[in-house]
Amino acid sequence: ANLVPESVHLSDMPMPVEKLIDAGLERRMDLVRNVTELGRSLRAKHQIKTRQVLAGMQVIVRSESDLQHLEKAQDLLKSELNLKEVSFSTDEASHVNLSVKPNLKLLGKRLGKDLNAFKNELEALNLAPQKVAQLINQLESGTKVEIMGYSFDLEDFLVDRGPKDDRLIATAQGATVLLDTHLTEALIMEGLARELVNRIQNFRKDSGLQVIDKIRIQIEGGAEIHKVVTRFKDYIAGETLGLSLEAVKTLACAFESEFEVGEETLRIGISKV
């Protein structure tokens, strides 16, 4: 019997089996995608290279269940965003400066003579971080709030979030991230090591070497690059199938080329072993 239909257009679309859907896994992946996009957007906005390792990021979500979902994906987030550490919290008021103001375009006519009193009400609320955080959580989860006898939803307010330190901040879909972009010498060197790995891997490919070919690697560059090669020798060699890796004054390899890594100009030489 012919088990393959003549055309896929004559076949019924497969239907999802509800009992096989893992709602927890779906929620976790939605959260991970959202947080990853927030982290990437901050990197792109502030022109931080993907291969530059960063110290860490704090992720703040509304519920304990969302926090637990993200904790299970901690290693994935660190890998996707090139971070040393990721931490989680549900207490936004302790980590973020929160405030709300009335959306005057919507509320000016509606509140009329009560507008100034409403402004004063919000200014007083902004002095109580936990209360303003609770209000924002309600609004962003789609719940209306009652103030001074009026009913309000999220679009009636202008919500402002600011970091309490020098970290970068971004918010979307119930998650706020605080990205630490302070670069220590160690982080800069690790970033350069990852850049070197990328250049060597591409150079291998461009030189016609096979993925499984073992190679000998030489790096000709300044003092900073030599320091990186020495410190991250095992990592660089391991990632590029290098049986040996050395910093030299003059290359002596079958394939040689010049590259830009960070602010440095250097030459890489490789030979098949």
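A few remarks follow.
- Using the 1.4 Å probe convention, the accessible area of the chain works out to 59 Å² per residue with neighbouring protein chains retained.
- Pairs from K101/K131; K101/K144; K49/K78; K49/K205; K105/K164; K49/K214 whose Cα-Cα separation, in the structure shown, is over 19 Å: K49/K205; K105/K164; K49/K214
- Computed magnitude of the charge dipole of the chain (debye, nearest 20; Cβ of K, R +1, Cβ of D, E -1): 380 debye
- On a per residue basis, the convex hull of the C-alpha atoms belonging to the chain measures out at 238 Å³.
- Rounded percent of accessible protein surface that carbon and sulfur make up, the range 44-175, 1.4 Å probe: 47 percent
- Taking the range 44-154 and dividing mean pair separation by its residue count, relative contact order in percent (alpha carbons under 8 Å, at least six apart): 21 percent
- Size descriptor for the range 88-174, Kirkwood hydrodynamic radius: 13.7 Å (Cα pairs only, one decimal).
- Peptide ranges 81-90, 114-123 listed from the most packed, as the mean C-beta count within 10 angstrom indicates: 81-90, 114-123
- When you count the other C-beta atoms within 10 angstrom of each residue and take the mean per peptide, 249-259, 214-224, 200-210 line up highest first as 214-224, 200-210, 249-259.
- The amide H of S99, built 1.01 Å from its N in the peptide plane, has D160 as neighbours under 5 Å, considering only residues 5 or more places off or on other chains.
- Given charges at Cβ of Lys, Arg, Asp, Glu: the range 130-212 dipole, positive-most of Q130, G162, G149: G162
- The range 180-273, accessible surface, carbon-and-sulfur percent (1.4 angstrom probe): 49 percent
- A straight line joining the Cα centroids of the range 46-99 and the range 170-232 runs 22 Å.
The values are calculated or read from the model by the stated rules, or taken from the named source; none is laboratory data. Keep in mind it's a predicted model, so treat the numbers as computed, not measured. Positions of Cβ are backbone-derived with ideal geometry, glycine not excepted, and every protein chain shown enters the neighbour counts. Surface areas here come from the heavy atoms of the whole protein model, side chains and all, with no ligands, DNA or RNA. Shrake-Rupley method; radii C 1.70, N 1.55, O 1.52, S 1.80 Å.
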